[in-house]
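**Q** After the structure tokens below, expect a handful of questions from me.
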Ligand code: ADP
């Protein structure tokens, strides 16, 4: 990666509306301040939140062979920090400490665990700004969106602090009169959590929250591209009273760490968010020790705009669903299916809205589109666009790297996209919106379901009857009706087909960390 000069950015704070549609792209107050990435990391270093060692058994440790890896700011190419590059040995020690901690952590009352989680939530919120700055530094998303992620990420800790107290069992009417039948729900044990770079905090909290709440202990492996937010969150967990070993963080050699987690019989569950290819490997590798597996994999989300949609709502919803995090989320609209009768009007209004997006350094006031995570991501987007154009699609807006350089890419709208183009089959993971034309409701459902993925889908229509017909027919785990941002800690998030297994968030998310135990009490008629 290119090491560029520091991007000094003046932030002349104001109250500015980025999008009325999304809690993650919301208007907010910002202070008058001038920032550059260097001074932000200096300030964070002094705050004790910029950690570079792994966390094993409650201790901050270098890798045993002192190897490090560099963490870069994707907006400038500058090195932010050198962090410990860990592997098998460190991971095995982390697993051992989690295994030991499980006995005492799982025996606490739910109320005691709940208090610790609540304190962690309070600390995450108290450090919202610093955590947001860390996310922008290492991931690139605009600061307001990053601070939005901190609120969203922290909400899982708050929610599961509450939910910890509601893990109920059952009493079953017995099949024989001298028996009593009980069902207990108990924590599964040590959990390995492997997370990606696009939500450096939230993808961790929505795994660790329910895991700790239920009494499990965890070894987290954050993405090597964005470990700093994970380490800062872990520091706050320690301050909140999460005991040594209940939460470990190791990062470095991903396949080595993954292998150690997968082969250990002490690790009883793997929870993963990331690419479908890696998810399949992990699922196969979990087989020899028969681990429980939760997978949150890639999507190919359709955003379906019907003739009877409210144009304004469809434009705002699709814009939010497509361009959040510069298109780098697994629920981002990947294909915009637009019905014949509204196609041209929508293409025009949508392009106008996209044109207003501001590309820039995440620390620059007003930026709504940060850089892509690295050059490989830009090259992928470029190749998808080239493929579509070579097969007859037309670029309405954008279609190339942004003049800011680095990994900035112009927000792009492409029309006349068809199903033989790569971008209608695979996740773009960038700021490119392909418009696909359809004729009938049946066509829309067929095209939308014609994919191996099944995570999020969006539909825009003013007909209640149509919305029911369509959301019932869509083979997706999440459906937004006249709404482009639907993730929340109180609702279940997860995919069908090859988008994954299991759900995160909500009461359903707790079940992923619990085992059901049936107990039969016999000889109960004796006096
Ligand atoms: P993305 O395309 O989002 O980077 P990946 O699936 O490559 O998705 O990465 C998601 C997470 O999986 C990251 O933490 C990464 O380091 C980790 N990872 C990648 N390969 C492996 C592997 N072979 N074993 C375990 N973890 C892996």
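The values are calculated or read from the model by the stated rules, or taken from the named source; none is laboratory data. Nothing here was measured: the structure is a model prediction, and the numbers come from that model. So basically every Cβ, Gly included, is an ideal-geometry build from the backbone, and we count neighbours across all protein chains shown.
**Q** Does residue 212 fit the bill of being within 15 Å of the ligand (Cβ to nearest atom), under 22 Å from the mean Cα position of the chain (by Cα) and in contact (Cβ under 8 Å) with a residue 40 or more places away in the chain?
**A** Against the criterion (within 15 Å of the ligand (Cβ to nearest atom), under 22 Å from the mean Cα position of the chain (by Cα) and in contact (Cβ under 8 Å) with a residue 40 or more places away in the chain), residue 212 does not qualify.
**Q** Which residue is nearest to residue 133 (Cα to Cα), if the candidates are limited to the range 347-356 and must be surrounded by fewer than 23 Cβ atoms within 10 Å (Cβ to Cβ) and in contact with a helix residue (DSSP H, G or I) (Cβ under 6 Å, 6 or more places away or on another chain)?
**A** 353
**Q** Which residue is nearest to the ligand (Cβ to nearest atom), if the candidates are limited to the range 265-281 and must be surrounded by fewer than 20 Cβ atoms within 10 Å (Cβ to Cβ) and within 20 Å of residue 86 (Cβ to Cβ)?
**A** Residue satisfying both the conditions and the ranking: 278.
**Q** Mind telling me which of the residues 342, 395, 414 ends up being at pLDDT 95 or above, farther than 27 Å from residue 202 by Cα, part of a strand (DSSP E or B) and over 27 Å from the mean Cα position of the chain (by Cα)?
**A** 395
**Q** Six or more apart or on different chains, Cβ atoms under 6 Å: show the pairs whose first residue is in the range 247-272 and under 20 Å from residue 227 (Cβ atoms) and whose second is near the ligand (Cβ under 10 Å from one of its atoms) and in a loop (DSSP other than H, G, I, E, B).
**A** Between residues of the range 247-272 that are under 20 Å from residue 227 (Cβ atoms) and residues that are near the ligand (Cβ under 10 Å from one of its atoms) and in a loop (DSSP other than H, G, I, E, B), the close pairs are 251/222; 251/224.
Residue-by-condition table, conditions (1) out of contact with any strand residue (DSSP E or B) (no Cβ under 6 Å at 6 or more places or on another chain); (2) part of a strand (DSSP E or B); (3) surrounded by fewer than 21 Cβ atoms within 10 Å (Cβ to Cβ):
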residue	(1), (2), (3)
63	no, no, no
94	no, no, no
114	yes, no, yes
118	yes, no, yes
131	yes, no, no
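**Q** On to the next question. Does residue 304 qualify as being more than 15 Å from residue 431 (Cα to Cα), in a strand (DSSP E or B) and in contact with a strand residue (DSSP E or B) (Cβ under 9 Å, 6 or more places away or on another chain)?
**A** Yes.
**Q** Which one of 232, 285, 202, 237 is near the ligand (Cβ under 9 Å from one of its atoms) and either touching a helix residue (DSSP H, G or I) at 6+ places or on another chain (Cβ under 6 Å) or more than 24 Å from residue 150 (Cβ to Cβ) (or both)?
**A** On the way: 232 fails: near the ligand (Cβ under 9 Å from one of its atoms); 202 fails: near the ligand (Cβ under 9 Å from one of its atoms); 237 fails: near the ligand (Cβ under 9 Å from one of its atoms).
Selected residue: 285, the only one of 232, 285, 202, 237 that is near the ligand (Cβ under 9 Å from one of its atoms) and either touching a helix residue (DSSP H, G or I) at 6+ places or on another chain (Cβ under 6 Å) or more than 24 Å from residue 150 (Cβ to Cβ) (or both).
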